[in-house]
Amino acid sequence: MKNYRKQVFAALLAGILAFGVIGCAGPAAKLEKNNVAAQETMQPTEVPQAEAPKAEMPDEPNAQVADAPKADASEPYSDILLVFFSRTGEQYQVGVIEKGNTAIVAEMIADQVGADLFEILPVDDHYPMTYSELTDVAKREQKENARPAYAGEVPDLSQYSTIFIGAPVWWGDWPMICYTFFETNAEALSGKTLIPFSTHAGSGLSGFDRKLSNALPNSTVQKGLAVAGTDCQNSPERVKKTVSDWLNGLGF
Ligand SMILES: Cc1cc2nc3c(=O)[nH]c(=O)nc-3n(C[C@H](O)[C@H](O)[C@H](O)COP(=O)(O)O)c2cc1C
């Protein structure tokens, strides 16, 4: 009987020990497996987030952006800037447009070369939204050799080596507000490579490159591109191909 009790006791003890070991090992093993799985699924998404282009960061409306390491924040996303002027509203042969012809080309270029964008916007938007009134205002500005002020702060130009500059042809020339930009930033633009482009209704580049070179003689001006404004609205895929071929030709 004594032996029988001993055997029962020993069996119970063995059971308790075995349960304890399994009970401890089970969740631990499971946790380890989950961690591996978590690492496997998190790694690919975390790496691109850490390397997310700076240009996209202002779109993220949370405090984490402000907490980003200073080294990243001070590094430019690109050494290419694209500056453009463009109008919405009623435009020649395309009716009322929501995105300007030049803006469309600007975005295509920026997408392909990875450029930062700066839009020249008039400080007081005095440009009418109807085509004929706009042509009158533009004509007057040209006659008076006006320098309409633009809004916003130009990014630190010292971080860019190449700057694309685009605008619609207005009365056979750059809109006067573009000259405001050229002259205000002449010193910072000296030594840079400038690449002009235009959209137009038949006048082509209208000497944009030569005129840019005259305004900024200390910059290097490359061959420009002229795109018909109507094509921007009606045949964007064709324009994209034209833009892409031109950029490839320039070595981008
Ligand atoms: C004030 C004004 C003057 C223009 N002058 C010319 C011109 O001299 N030659 C030309 O081909 N197109 C001219 N256009 C047509 C624009 O260059 C063309 O519609 C351009 O694609 C508009 O671009 P945006 O939508 O980016 O402003 C003129 C348009 C405006 C509003």
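Quick notes
- In this structure, the amide hydrogen of Ser219, modeled 1.01 Å from its nitrogen in the peptide plane, lies closer than 5 angstrom to those of Gly191, counting only residues at least 5 positions away or on a different chain.
- Of Thr199, Thr184, Ile165, farthest towards positive along the dipole that unit charges on Lys, Arg, Asp, Glu beta carbons give the range 137-252: Thr199
- For Tyr150, the residues whose modelled amide H falls within less than 5 Å of its own, excluding neighbours fewer than 5 places apart on the same chain, are Val123.
- Two-site label geometry, Asn248 and Glu98: point separation in nm, points 7 Å out along Cα→Cβ: 3.2
- What the phi angles of the range 201-211 give under the Karplus curve with 6.51, -1.76 and 1.60, with θ = phi - 60°, is a coupling list of 10, x, 7, x, 7, 6, x, 3, 5, 5, 5 Hz, glycine and proline written as x.
- Using the Karplus relation 6.51 cos²θ - 1.76 cosθ + 1.60 with θ = phi - 60°, the per-residue 3J(HN,Hα) values for the range 187-192 come to 5, 5, 8, 5, x, 8 Hz, with x marking Gly and Pro.
- Above-threshold pairs, the threshold being 21 Å between Cα atoms, out of Lys99/Lys211; Lys99/Lys241; Lys143/Lys211; Lys143/Lys223; Lys192/Lys223: Lys99/Lys211; Lys143/Lys223
- Per the Kirkwood formula applied to alpha carbons, the range 77-175 shows a radius of gyration over Rh ratio, Rg over Rh, of 0.99.
- Residues with amide H under 5 Å from that of Leu225, placed H, sequence gap 5 or more: Phe197, Ser198
Every number in this text was worked out from the coordinates using simple rules, so none of it is lab data. All of these numbers come straight from a predicted model, not from anything done at the bench. Cβ: placed from backbone, ideal geometry, glycine included. Neighbour counts: every protein chain shown.
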